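The values are calculated or read from the model by the stated rules, or taken from the named source; none is laboratory data. Since we're looking at a predicted model, the values are computed, not measured. Note: ideal-geometry Cβ built from the backbone for every residue, glycine included; neighbour counts use all protein chains shown.
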Amino acid sequence: MNNSLRSTARLAGAALRALVVLTVVCGVVYPLAVTGVAQALFSGKANGSEITSEGKTVGSELIGQTYNLPKINPDDPEEAARPDPRWFQPRPSNGLGSNSVNKQYQLILSGATNRSGDNEELIKWVTDAKKAVIADNKAKGYTPSPSDVPAEAVTSSGSGLDPHISPEYARIQVHRVAEKNGLDVIQVDKLVKDHTDGRILGFMGEPRVNVLQLNIALKELTEK
């Protein structure tokens, strides 16, 4: 009986020591080591790829956000959001939090519609969105052609959080943004070109424009 108790006590002691050691190694040492390496070598990515403007964090370069006008009736949850014409707009999505002045934003949800290409509701969404893109981006002497409206201007991404648009969609918005901000079209067009990222490693993906970074540059240009 005594031998059995001693054996049990030794096993319990060994288990307790193993628990303490593994807790320290896996719960303290390893996380600190990984965090230290990440902060030393990839601090920007480790901290969420944050984008700052005027010393404040205004978002992440990996998560999109919208730029809408303030609600006419803030207490009406059914009031539709109205895009602010002064800013470049992202692709449509129900997953993006509203942010018209580059402040911290709240994420609503992430996900796709999961509707097929022949779904009547999806077709209506796309058709209405295309009409809205053309109407919203009219400017003096300029009206977008329906054939120039790219797919991502009327459809959301799989995650609903895509922070990028194509250079083609950005260029459709140039005349409207220039007009609303009292800028020259050439200035704004150059801004788009300067913020267009090429294909990854020269062959993967498509050229893209990060809307948040572009709008920060636009804000800086309007304040000069």
Checklist entry - For the range 187-210, what are the residues that are modelled with pLDDT under 95 and of a type in the set (A, V, I, L, M, F, W, C)? => result Ile200, Leu201, Phe203, Met204
Checklist entry - Residue check: is Asn3 free of Cβ contacts under 8 Å to residues at least 60 places away in the same chain, loosely packed, with under 10 Cβ neighbours inside 10 Å and not in a loop (DSSP other than H, G, I, E, B)? => result yes
Next on the checklist: On the basis of being more than 20 Å from Tyr67 (Cβ to Cβ) and assigned by TED's automatic domain parsing to the domain that holds Ser93, does Ser156 make the cut?
Outcome noted: no
Checklist entry - Considering only the range 198-224, how many residues are without any contact (Cβ under 8 Å) to a residue 24 or more places away in the chain and over 17 Å from Ser53 (Cα atoms)? => result 8
Item to check | Residues (surrounded by 10 or more Cβ atoms within 10 Å (Cβ to Cβ) and outside any helix (DSSP H, G or I)) located in the range 33-55 | outcome: Phe42, Asn47, Gly48, Ser49, Glu50, Ile51, Thr52, Ser53, Glu54
Next on the checklist: Just to be sure before I move on: is Tyr30 touching a residue at least 24 places away in the same chain (Cβ under 8 Å) and surrounded by 10 or more Cβ atoms within 10 Å (Cβ to Cβ) in the structure I sent?
Outcome noted: no
Item to check | Filtered residue count, the range 135-148, keeping only those that are surrounded by 17 or more Cβ atoms within 10 Å (Cβ to Cβ) and under 16 Å from Val209 (Cβ atoms) | outcome: 1
